[in-house]
Amino acid sequence: MEKLNFVKKNGVSRMPPGFRFQPTDEELVFQYLKCKVFSFPLPASMIPDINLSNYDPWDLPGNCDEHQEMYFFSSKEPKYRNGSRMNRTTTSGYWKATGSDKRIISSSNNSDDNSILGIRKTLVFYQGKSPNGTRTHWVLHEYRLVSTTLHANNNACDIGDWVLCRLSVKKRSVGSGSIIISKKARSSPSSSSSSSTSSNNVMEVSSSYAS
């Protein structure tokens, strides 16, 4: 099957009118991330390569809002030179894991797929310095490949130097204490000097994070 290629705008692939890119977790892991890690042809040129730590979520290329998600590949940049933990710190904040990791198993009978599985980690963006940052509505699903063979420490081994990320904005509701910062707020030179301008760009409500 011929690979699909779409028009790019500012380095980001754009779908033709009427098309939607809505892959399942299994498709993301076994059709996209697996191909990226093992240098196989991708089914479609829809996911750009981006270093996650180089961008705040509102500065990532593309258009992400409550109705649209963004996808990208990110290299595994270590937090420490000799460590295995990934660097999830950006200029304005950091990504913090929340909840439990989800295992993603292939439903196919492909023997190659049976030797690997996907792990989906959920992260939320906090603005400010850890551990006292302010929770925002930016949510990231990070997918990585691991081997199904357990090692001596009973842990599965990560495969490859890439993760696949799905970025979304959690829908705001009354009773949410998180904030969402738009690209406009970050780019406007007067956003910090005027309270009226700031209130238009940074949306705040009271109580706890919406589930």
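What follows is calculated from the coordinates using simple rules that are stated; it is not laboratory data. None of the values given here were measured: they were computed from a predicted structure. Note: ideal-geometry Cβ built from the backbone for every residue, glycine included; neighbour counts use all protein chains shown.
Numerical summary
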{"read-out": "Residue order, fewest to most beta carbons within 10 Å, for Met15, Met46", "value": "Met15, Met46"}
{"read-out": "Nitroxide proxy distance, nm - points 7 Å out along Cα→Cβ at Cys157 and Asn63", "value": "4.5 nm"}
{"read-out": "Ranking of Lys102, Lys36 by count of other Cβ atoms within 10 Å, fewest first", "value": "Lys102, Lys36"}
{"read-out": "Computed label-point distance, nm, for sites Ser39 and Lys102 using a 7 Å Cα→Cβ extension", "value": "3.2 nm"}
{"read-out": "Cα gyration tensor, segment 8-171 - rounded (a/c under 1.5), prolate or oblate", "value": "oblate"}
{"read-out": "Whole-number percent relative contact order across segment 8-171, with pairs defined as alpha carbons under 8 Å at least 6 apart", "value": "24 percent"}
{"read-out": "Distance (nanometres) between label positions extended 7 Å along Cα→Cβ at Arg81 and Ser147", "value": "2.7 nm"}
{"read-out": "Packing-based exposure ordering (other Cβ within 10 Å, fewest first) of Trp58, Trp162", "value": "Trp162, Trp58"}
